[in-house]
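Remarks on the structure that follows.
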Amino acid sequence: MEHGLEPLQPKPLPPRSWREARSGDLVWAREYFVPWVLRRLRQQSSGDGITAKRPTPGPVFGPGVPLGSGEGPPGNTGAALRS
């Protein structure tokens, strides 16, 4: 299929010295890598201690679902259900 789209070219990154690059690497490692390693050593999942947003199962569609959320059969705006 022919098209006139051209791939986007990202802007070049500003030049950084070796020391600046390693400093950024250390910040990343302290913030993300070290906590990940500690969780693995403690055999703890990243999701441990987090509860579900909706811990009890319930209907996805039906009464109590806000209007415009896609309730009703496909192609139906739900106007017939509300009158």
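Quick note: the coordinates plus some simple rules give every number you see, no bench work behind them. Computed from a prediction, not measured in an experiment: that's the story for all the values here.
Can you give the extra length, in nm with one decimal, that the chain gains between Trp28 and Thr51 once fully stretched, where that is 0.36 nm per residue apart less the Cα-Cα distance?
5.5 nm
Multiplying the sequence separation of Val60 and Leu41 by 0.36 nm and subtracting their Cα-Cα distance, what value in nm do you get?
Full-extension gain reported as 3.0 nm.
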